[in-house]
Ligand code: FES
């Protein structure tokens with residue numbers, strides 16, 4: 001019997017939250033860009049940080065990937081808004097996978113979201129070396145050389 005997508009995945013897939021881009025040159029914006037080696041799917045995640053309290057005030061994503069990757073990134077954007085960088089850096093893919101009821105073969109899709117937030121935080125730290133740095137742990141922040149701007153601009157997300 002074929003396993004169908006869980007309704008929470010479908011909800012985020014059909015109505016992805018916070019799709020879009022921010023001006024990546026702004027000092028208060030951290031941009032994460034990661035790819036999943038297993039399938040080639042790509043996720044771009046951007047956070048806007050209030051430097052006064054290291055809190056994420058806005059977040060946007062673009063995912064060129066499967067439904068689970070789109071749902072994972074959409075859910076992640078809801079999760080991290082309002083969090084400090086330290087809290088956001090502690091999010092693990094297992095949390096995302098549990099919320100969305102992802103099957104084992106789709107775990108790497110949620111890993112993409114964990115890597116993306118770590119990568120965005122790392123980029124923010126690079127631009128703001130005086131910010132209080134937090135240990136991101138895990139793998140994370142592996143930045144592949146992908147130029148997401150070269151991907152179709154009129155398709156923020158696709159299956
Ligand atoms: Fe690769 Fe989902 S199949 S990110």
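Provide the descending list of Cα extents for segment 7-128 along its principal axes, expressed in whole angstroms.
Taking max minus min along each principal axis of the Cα atoms, segment 7-128 gives 39, 24, 23 Å.
May I ask you to derive the FRET efficiency for residue 25 and residue 90 from their Cβ-Cβ distance with R0 = 22 Å, giving the value to the nearest 0.05? Write down the numbers at each step before the final one.
Numbers: r = 28 Å, r/R0 = 1.27.
Working from the Cβ atoms, E equals 0.20.
Just order 119-126, 22-29, 83-90, 52-59 by mean Cβ neighbour count inside 10 Å, highest at the front, would you? Numbers along the way, then the final one.
Details: 119-126: 22.0, 22-29: 13.2, 83-90: 19.2, 52-59: 16.5.
Going from most to least packed, we get 119-126, 83-90, 52-59, 22-29.
Read the figures in this text as sums done on the coordinates, not as results from a lab. Values in this document were obtained by computation on a predicted structure and should not be read as measured data. Please note: Cβ atoms are built from the backbone with ideal geometry, for glycine as well, and neighbour counts cover all protein chains shown.
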